[in-house]
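The values are calculated or read from the model by the stated rules, or taken from the named source; none is laboratory data. Just so it is clear, the structure is predicted and the values come from calculations on it, not from any experiment. Every residue, glycine among them, receives a Cβ derived from its backbone with ideal geometry; neighbour counts consider all protein chains shown.
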Amino acid sequence: MADNNQEEFKVNGDELLKKMRELLAEGNARRIIIKNENGETLIEIPLMIGAIGAILAPILAAVGAIAALVTRCTIVVIKKD
């Protein structure tokens, strides 16, 4: 059974959508969690392998809305090794 590893990125609200698109393009994220400055989870996104286009559009819309509301946040990416 493969292990999962975790990475964290601290970004400004205006960088959030760009970073999310980069992470989705990499294709190896299993779950993405966006937390506010206080460490509270704002959204947790489970990703399926092969999720594309129409499936990702609502996710990016939600992330865009969050980006408009936060000044700093942390993106936690859980990847499959």
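At-a-glance table
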| read-out | value |
| --- | --- |
| Residue match in the range 56-73 (condition: surrounded by 11 or more Cβ atoms within 10 Å (Cβ to Cβ), modelled with pLDDT of 90 or more and under 10 Å from the mean Cα position of the chain (by Cα)) | no |
| Selection from the range 20-38 of residues that are within 15 Å of Thr71 (Cβ to Cβ) and outside any strand (DSSP E or B) | Asn36, Glu37, Asn38 |
| Residue selected from the range 17-38 under the condition among the hydrophobic types (A, V, I, L, M, F, W, C) and modelled with pLDDT under 90, by the criterion surrounded by the fewest Cβ atoms within 10 Å (Cβ to Cβ) | Ala25 |
